[in-house]
Amino acid sequence: MYSFSRKRCLLSLPCFRIFSPTKQQNSLSTSSLPEPYSISDNNSSSPPKTHLLSSSKPTVFDRTRTLNHGKPNDVILSNQTITGYIRSGDLDSALALFNNMTVKTTVTWNSILAGYSKGRGKMKEARELFDKMPQPDTISYNTMLACYVHNSDMETARAFFDGIPNKDTASWNTMISGFAHNGQMEKAHDLFLIMPNKNAITWNAIISGYIACGDMDSAMKFFELAPVKSVVAWTAMITGYMKFGRIELAERSFQEMSKENVVTWNAMISGYIENSRAEDSVKLFKAMLEFGIKPNSATLSSVLLGCSELSALQLGKQVHQLVCKSPLSSDTTAGTSLVSMYCKCGDLEDALKLFVQIPRKDVITWNAMISGYAQHGAGEKALSLFEEMKKAGIKPDWITFVEVLLACNHAGLVDLGVKYFHFMVSDYGIETKPEHYTCMVDLLGRAGKLDDAVDLIKRMPFTPHASIFGTLLGACRIHKNIEIAEFAAKNLLDLDPTSATAYVQLANVYAAQNQWDQVARIRQSMKSSRVVKTPGYSWLEVKSAVHKFRSSDRVHLELASIHRKLNELEEKMKLAGYVPDLEFELHDVGKEQKEQLLLWHSEKLAIAYGLIKLPLTTPIRVFKNLRVCGDCHLAIKYISAIEKREIIVRDNIRFHHFKDGLCSCGDYW
């Protein structure tokens with residue numbers, strides 16, 4: 001149990017330093033993480049693992065001859081063996097032993113019934129077994145009821161429930177939980193009201209059900225009425241508050257809890273991630289370790305996602321060290337999260353090393369590495385890994401094909417992308433989703449096939465969403481197609497009238513054609529509609545501190561030295577042949593002022609700071625929340641050659657690896 005006064009200070013712990021373009025510098029150190037006593041890979045409520053007998057020991061049929069001769073001890077031992085098989089998921093061995101038993105108790109029958117009830121699709125077999133039971137007890141009825149619920153057959157479940165001769169609290173809870181899980185809250189509520197004796201599980205079920213249905217007001221009402229508020233109920237409320245963006249209420253609930261477990265901390269950490277508060281998630285994770293709470297795989301997956309969002313590679317490496325020292329070192333989920341973190345933080349080499357070392361790779365693991373290659377522009381490697389995945393017997397899912405199409409997109413492999421798009425449906429029977437069409441529109445649009453992209457949108461089997469038209473609009477800017485840009489912007493604004501993307505991208509297309517009167521009109525429309533453009537900013541990590549810059553930044557403490565470095569670079573770049581591309585400065589001002597504004601773009605400021613602070617052998621990794629502009633892309637190629645440095649830039653679309661005056665994207669992005 002942790003005191004309220006200690007928990008109240010969690011969010012202010014100095015764990016990770018961020019230098020943002022504000023004068024106040026609240027810092028959060030990523031220097032060493034406290035090491036918990038151990039890291040759990042399961043919640044404390046998980047059932048114990050049961051190991052199957054090795055082949056060197058007697059078989060199931062041998063055991064039946066020696067275990068069951070009708071003696072009480074033999075029956076008990078047989079029941080225990082069956083329970084072990086059921087827990088390990090070996091229903092066939094359990095049935096073999098069951099069928100060879102000469103004497104069976106109700107416990108024996110219940111164990112097999114539980115085996116049928118654990119998964120879906122065994123409802124018929126479960127009912128046939130139940131009907132053969134000589135003396136079913138309340139546990140038998142509850143287990144059969146659970147089988148109907150697990151298979152979402154709520155109508156039959158209710159009829160069966162009504163026929164249970166002696167309903168206990170578990171019977172009622174199973175039925176209420178079933179209705180809640182299937183979104184039938186009115187029926188769950190009606191049953192809740194007439195239930196004679198409610199316990200904490202009952203209240204948890206009704207509260208969680210309302211949260212799952214999005215009715216937080218009802219959830220809050222029942223939470224307040226609950227006579228005893230369990231950890232499960234508190235955690236459900238925190239999860240609900242985070243789900244609907246009510247962060248302050250989640251924080252208040254977390255602070256008010258007198259006791260919490262790892263699941264509660266996970267709800268807070270993952271909730272911060274979902275609400276784009278990665279800094280707070282990392283801060284809370286550090287506090288969690290200081291409190292001695294043992295993180296599990298879900299915790300580490302969330303905090304690694306936070307590291308990815310912050311591009312905090314050094315902190316991610318420290319989390320990796322924690323994983324290596326814990327039982328999670330061979331855990332597939334933890335390994336996959338680490339692969340994803342390294343990819344998103346720009347370290348593709350370490351991502352691949354770790355991927356190769358993961359002993360049991362599932363489809364999510366393969367997807368993470370394919371995605372990494374795709375985001376870094378290594379299209380051919382991504383597609384080669386996809387083929388390797390199929391040879392390994394792993395069946396690709398719809399996400400796999402999103403990553404494959406992205407790989408084709410970033411590598412400019414248009415025909416191959418179209419082939420995979422059709423191959424996904426014809427060979428794997430995977431239903432196309434909006435994400436696949438977004439990739440295809442981007443693929444065609446970047447290649448200049450804007451008419452084909454529009455035709456594909458019109459032939460979509462569902463209503464296009466906003467990102468489809470946003471993607472088309474971005475392609476129109478590249479190819480300066482005003483007509484289709486206006487079509488895309490109109491449709492985008494019809495779907496999302498507050499979309500800054502529609503206004504900004506359309507203004508960019510007009511500006512590229514020097515139609516400044518149209519640019520002014522668009523900006524006036526933005527102003528009258530109260531649409532605010534997302535400010536562009538870039539950041540990089542230096543000595544475990546993240547430094548953030550905005551274009552024309554005025555507040556960073558070392559801005560003077562950064563400007564001096566940029567001025568030196570500009571002079572050297574121009575001598576090498578660099579000519580600023582004024583098309584990417586969209587203010588209607590003079591040439592000199594445009595060049596100055598371009599020089600102070602956020603990614604150039606961040607790179608200059610990296611050149612000043614980072615050792616020569618260390619790659620400069622810069623991250624940006626918006627697409628890198630064409631002039632910055634050109635300038636960074638010159639800088640990489642002049643300074644003889646490797647520069648890695650991740651924008652909101654992909655990674656660019658600059659070295660010796662070249663970029664990994666081949667100027668196709």
Find the relative contact order for region 553-663 and round it to a whole percent, using C-alpha pairs within less than 8 Å whose residues are 6+ positions apart.
24 percent
Residue-by-residue Karplus 3J(HN,Hα) for region 326-334, coefficients 6.51, -1.76, 1.60, Hz, glycine and proline x
10, x, 7, 4, 10, 6, 5, 5, 5
Would you work out the charge dipole size for region 198-341 about its Cα centre, treating the Cβ of every Lys and Arg as +1 and the Cβ of every Asp and Glu as -1, and quote it to the nearest 20 debye?
300 debye
Residue-ordered couplings for region 565-579, obtained by feeding phi - 60° into the Karplus form 6.51 cos²θ - 1.76 cosθ + 1.60 and rounding to whole Hz (Gly and Pro as x), are 5, 5, 5, 4, 5, 4, 5, 5, 5, 5, 5, 7, x, 5, 10
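Using the Cα centre of the chain as the reference point, and only Cβ charges (+1 on K/R, -1 on D/E), how large is the resulting charge dipole? Debye, rounded to the nearest 20. Spell out each step's value before the answer.
Details: 77 positive and 70 negative charges, 277 e Å.
For this selection, approximately 1340 debye.
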Furthest towards positive pole of dipole, Pro580, Phe623, Tyr638, structure part region 553-663, Cβ charges:
Phe623
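How long is the gain from Asn514 to Arg459 if the chain were fully straight, where each residue apart is worth 0.36 nm and the alpha carbon distance is subtracted? Provide the component values of the computation, followed by the final result.
Numbers: separation 55, 0.36 × 55 = 19.80 nm, distance 3.39 nm.
Here the segment from Asn514 to Arg459 would lengthen by 16.4 nm.
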Would you pull out the residues with amide H under 5 Å of Phe655's amide H, same chain only if 5 or more places away, H placed 1.01 Å from N?
His376, Gly377
Report, in degrees rounded to the nearest 10, the 0 to 90 angle that the Cα long axis of helix 72-87 makes with the longest principal axis of the chain.
20 degrees
Determine how large the accessible area of Thr106 is when every protein chain is in place; take a 1.4 Å probe and give Å² rounded to the nearest 10.
40 Å²
Please compute the per residue accessible area over the chain with all protein chains in place, 1.4 Å probe, rounded to a whole number of Å².
47 Å²
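Which value in deg cm²/dmol, rounded to the nearest 500, describes the helix-derived mean residue ellipticity at 222 nm for the chain, given -39,500 (n - 2.57) per DSSP H run of n ≥ 4 and division by the residue count?
Numbers: 34 runs with 409 residues, N = 669.
Using -39500 (n - 2.57) per qualifying helix, the result is -19000 deg cm²/dmol.
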Mind grabbing the accessible area of Phe244 for me, 1.4 Å probe, Å², rounded to tens?
90 Å²
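So what's the net charge close to Gly271: Lys and Arg +1, Asp and Glu -1, counting the other residues with Cβ under 15 Å from its Cβ? Display every interim value, and only then the final one.
Numbers: positive: Lys243, Arg246, Arg252, Arg277, Lys283; negative: Glu248, Glu251, Glu260, Glu274, Glu279, Asp280, Glu309.
My count for the surroundings of Gly271 gives -2.
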Apply the a/c threshold of 1.5 to the C-alpha gyration tensor of the chain and tell me whether it is rounded, prolate or oblate.
prolate
Starting from the Cα of Lys118, step 7 Å along the direction of its Cβ; do the same at Arg564; then give the gap between the two resulting points in nm.
6.9 nm
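Does region 553-663 come out rounded, prolate or oblate, given a ≥ b ≥ c as the square roots of the eigenvalues of its C-alpha gyration tensor, rounded meaning a/c under 1.5 and, failing that, prolate meaning a/b above b/c? Before the final figure, lay out each step's value.
Details: a/c = 1.32, a/b = 1.25, b/c = 1.06.
Rounded is the answer for region 553-663, as its axis ratio a/c remains below 1.5.
For a quick protection proxy, order the peptides 163-173, 393-403 by their average other-Cβ count within 10 Å, most packed first.
Working: 163-173: 15.6, 393-403: 17.2.
Highest mean packing first, the order is 393-403, 163-173.
Compare Tyr503, Tyr668 by solvent-accessible area with a 1.4 Å probe and give them largest first, with all protein chains kept in place.
Values: Tyr503 25, Tyr668 65 Å².
Output order, biggest surface exposure first: Tyr668, Tyr503.
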Solvent-accessible area of Ile76 with every protein chain in place, 1.4 Å probe, in Å² to the nearest 10
90 Å²
Paramagnetic label zone (point 7 Å from Cα along Cα-to-C-beta, Phe423; backbone N under 12 Å) in region 354-391:
383-391
HN-Hα J in Hz across region 241-257 - Karplus 6.51, -1.76, 1.60, θ = phi - 60°, x for Gly and Pro
4, 5, 4, 9, x, 9, 5, 4, 5, 5, 5, 5, 5, 4, 5, 7, 5
Residues meeting the amide H criterion for Leu626 (H placed from the backbone, H to H distance under 5 Å, 5 or more places apart or on another chain) are Tyr537, Asn652
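For region 553-663, what % of the accessible area comes from carbon and sulfur atoms, probe 1.4 Å? Show your work: numbers first, answer last.
Details: 2680 of 5040 Å².
Its accessible area is 53 percent carbon and sulfur atoms.
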Want the number for Thr618 to Leu582: 0.36 nm per residue separation, take away the alpha-carbon distance, what's left?
9.8 nm
So, R0 is 30 Å and r is the distance between the beta-carbons of Gln314 and Gln596; what FRET efficiency does that work out to, to 0.05?
0.35
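Pairs of Cα atoms under 8 Å, at least six residues apart: use those to get the relative contact order of the chain, whole percent.
Numbers: 1014 pairs, mean separation 68.6, N = 669.
Once divided by the residue count of the chain, the mean separation gives 10 percent.
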Inter-label distance for Val103 and Asp215, nm, one decimal - labels placed 7 Å from Cα along Cα-to-Cβ:
5.2 nm
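To the nearest 0.05, what FRET efficiency results for Lys390 and His479 with a Förster distance of 45 Å applied to their C-beta separation? Provide the component values of the computation, followed by the final result.
Numbers: r = 35 Å, r/R0 = 0.78.
It comes to 0.80.
Going by a ≥ b ≥ c, the root eigenvalues of the Cα gyration tensor, does region 260-360 fall in the rounded group (a/c under 1.5), the prolate group (a/b larger than b/c) or the oblate group? Walk me through the numbers before you get to the answer.
Details: a/c = 1.98, a/b = 1.33, b/c = 1.49.
Judged from the Cα gyration tensor, region 260-360 comes out oblate (a/c at least 1.5, b/c at or above a/b).
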Can you find, among Leu225, Leu145, Leu406, the residue farthest towards the positive end of the dipole of the chain? Put +1 on the C-beta of Lys and Arg, -1 on that of Asp and Glu.
Leu225
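The values are calculated or read from the model by the stated rules, or taken from the named source; none is laboratory data. Keep in mind the model is a prediction, meaning the values are calculated, not measured. Using ideal geometry, Cβ is built from the backbone for each residue, glycine included, and neighbour counts are taken over all protein chains shown. Please note that ligands, DNA and RNA were not included when accessible areas were found on the heavy atoms of the full protein model with its side chains. Shrake-Rupley method; radii C 1.70, N 1.55, O 1.52, S 1.80 Å.
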